[in-house]
Amino acid sequence: MQHEMRAEYEEGSSGRVAGAPVKIWHMVRGNGTTAMCGRELAPDAETQAADLWATGDAGPFCHSCGAMYLREVP
């Protein structure tokens, strides 16, 4: 299964605004908008490749999504 990271933004921010502050990164299955932790994310939110998960270049990360992601990915 393919995964990607999708941003959750700070209150009052939107992915439509360049440079909007990311509150936390979630993992989604495929190119969906529902995070693995159950949070619904904006369809226009910024995305990142799943292989950036837990690297110093892309945090902060949702711990619940991380636990579920690690169970699915060998």
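Kindly indicate the residue of segment 41-53 that is open to solvent by less than 70 Å² (accessible area, probe 1.4 Å) and farther than 10 Å from E4 by Cβ and also modelled with the highest pLDDT among those meeting that condition. Let's see the steps before the verdict.
Taking segment 41-53 and keeping what is open to solvent by less than 70 Å² (accessible area, probe 1.4 Å), we get 41-42, 44-45, 47-50, 52-53.
Restricting the remaining residues to those that are farther than 10 Å from E4 by Cβ gives 41-42, 44-45.
Numbers: L41: 94, A42: 90, D44: 88, A45: 91.
For segment 41-53, the residue satisfying everything is L41.
Does R6 count as surrounded by 17 or more Cβ atoms within 10 Å (Cβ to Cβ), of a type in the set (K, R) and outside any loop (DSSP other than H, G, I, E, B)? Walk me through it before giving the result.
On the way: surrounded by 17 or more Cβ atoms within 10 Å (Cβ to Cβ): yes; of a type in the set (K, R): yes; outside any loop (DSSP other than H, G, I, E, B): yes.
Here the answer is yes, as R6 does meet what is asked.
Of these, G56, G38, G19, which one is in a loop (DSSP other than H, G, I, E, B), over 11 Å from the mean Cα position of the chain (by Cα), modelled with pLDDT of 95 or more and surrounded by fewer than 11 Cβ atoms within 10 Å (Cβ to Cβ)? Give the derivation first.
Details: G56 fails: modelled with pLDDT of 95 or more; G19 fails: modelled with pLDDT of 95 or more.
Within the list G56, G38, G19, the selection yields G38.
The values are calculated or read from the model by the stated rules, or taken from the named source; none is laboratory data. Note that the structure is predicted; figures quoted are calculated from it, not measured. Neighbour counts are summed over all protein chains in view; Cβ atoms, including those assigned to glycine, are modelled from backbone coordinates with ideal geometry. These accessible areas exclude ligands, DNA and RNA; they are computed on the full protein's heavy atoms, side chains included. Shrake-Rupley method; radii C 1.70, N 1.55, O 1.52, S 1.80 Å.
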